[in-house]
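The block underneath contains the structure these notes are about, expressed in structure tokens.
The values are calculated or read from the model by the stated rules, or taken from the named source; none is laboratory data. If you're wondering where the values come from, they're calculated on a predicted model, not measured in any experiment. As a convention, Cβ positions derive from the backbone with ideal geometry for all residues, glycine included, and neighbour counts pool all protein chains shown. Just the protein is used for accessible areas: all its heavy atoms, side chains included, with ligands, DNA and RNA removed. Shrake-Rupley method; radii C 1.70, N 1.55, O 1.52, S 1.80 Å.
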Amino acid sequence: MKERMTLSQWRKEFVASLAGLYPPQEAQALFFRSVEHALGIGRLRYAMEKDRELSGEDSGRLRRIEDELLTGRPLQYIVGEQMFCGRRFSVDARVLIPRGETEELVDRVLRENAMRTARVLDVGTGSGAIAVSLALARPAWKVEALDVSPDALALARENARRLGAEVEFSQADILQEDAWTALGTYDMVVSNPPYVRESERAQMHDNVRRYEPPLALFVPDEDPLRFYRAIGRFALAGLAAGGRLYFEINRAFGRQTAELLTGLGFAEVEVFQDINGCDRMVRAVKK
């Protein structure tokens, strides 16, 4: 029983119990996020109170999180939130968990586009992280977002409402050309579409493979760029002259994605690396 443990003792046992699922550094990070969520104790306060004995109630909160983590369920789904661009987004199994690489995509869009007004479309919005972050950073922009999943859209709308962002959401399958007619003309199209090949599924961490929505992750091995092709073709019709298309990409397909967009007729196609030195973003401009 752990009811009479100190915080530091909890930390050691917590990390040890997750050893079969997570490397030590990641398990340590999960511990601190769990403590912050369950007890409201950040790292600085932990350093001051690590020898404090936990009450049975506090121990129970941590044990419930630990038990769920041991099933492989992601912590973000357990606590129901993920930080993205400095804001707390609600997340659950309806949507992909927003990642740091996508924050880099949002940052690039904002840094490269300082115009006061713009009409922007986020394709495959999921939790709404990209669209809401852009709308809050540029209140004068008209931001729209679409997704094929009505369940994802329900959560995205809730995130926009709770965070105070003006975003227009709609349900559409970008792979179906007849859906394009309902869309407008944009200055920017931004997307983090599914890009993980089915053959890569076995290499993924169990908590991703088992719990995050396959619809938002996987593409067939025989056509890994299917979404980039479809969105690129839409953007050729839906972008104003000089409009920009931004993608997050599979790091294994930077050159191929750039070649695809060049072949479609885009100009100034450029691949950018993420903070880890991997090909992760592509920008293209409509002539």
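What the table below lists for this structure:
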quantity	calculated
Subset tally (residues that are under 21 Å from residue 117 (Cβ atoms) and open to solvent by 40 Å² or more (accessible area, probe 1.4 Å)) for segment 138-152	4
Residue that is nearest to residue 76 (Cα to Cα) [pool: residues in segment 133-143 that are more than 18 Å from the chain's Cα centre (by Cα) and not basic (Lys, Arg)]	139
Residues located in segment 168-198, provided they are among the aliphatic types (A, V, I, L, M), open to solvent by 50 Å² or more (accessible area, probe 1.4 Å) and modelled with pLDDT of 95 or more	175
Criterion (at pLDDT 95 or above, out of contact with any Cys (no Cβ under 9 Å at 6 or more places or on another chain) and in a loop (DSSP other than H, G, I, E, B)) met by exactly one of 160, 165, 156, 114	165
Lone qualifier among 171, 176 - being farther than 16 Å from residue 105 by Cβ, without any contact (Cβ under 8 Å) to a residue 24 or more places away in the chain and among the polar types (S, T, N, Q)	176
Residue in segment 213-232 that is open to solvent by 70 Å² or more (accessible area, probe 1.4 Å), charged (D, E, K, R), out of contact with any helix residue (DSSP H, G or I) (no Cβ under 9 Å at 6 or more places or on another chain) and assigned to a helix (DSSP H, G or I) present	yes
Pairs, first modelled with pLDDT of 95 or more and of a type in the set (Lys, Arg) in segment 133-147, second open to solvent by less than 10 Å² (accessible area, probe 1.4 Å) and part of a strand (DSSP E or B), C-beta under 8 Å, six or more apart	142/120
Inter-residue pairs, beta-carbon under 7 Å, first within 23 Å of residue 220 (Cα to Cα) and in segment 253-280, second open to solvent by 30 Å² or more (accessible area, probe 1.4 Å) and among the basic types (Lys, Arg), 6+ apart	260/229; 264/233; 278/251; 279/251; 280/251
Residue match in segment 161-171 (condition: over 21 Å from residue 76 (Cβ atoms) and out of contact with any helix residue (DSSP H, G or I) (no Cβ under 8 Å at 6 or more places or on another chain))	yes
Qualifying position, being part of a strand (DSSP E or B) and open to solvent by 50 Å² or more (accessible area, probe 1.4 Å), among 209, 244, 255	244
Pairs with Cβ under 8 Å, 6+ apart, first in segment 180-191 and part of a helix (DSSP H, G or I), second of a type in the set (S, T, N, Q)	182/170
Number of positions in segment 94-132 that are touching a residue at least 40 places away in the same chain (Cβ under 8 Å), open to solvent by 30 Å² or more (accessible area, probe 1.4 Å) and within 10 Å of the chain's Cα centre (by Cα)	3
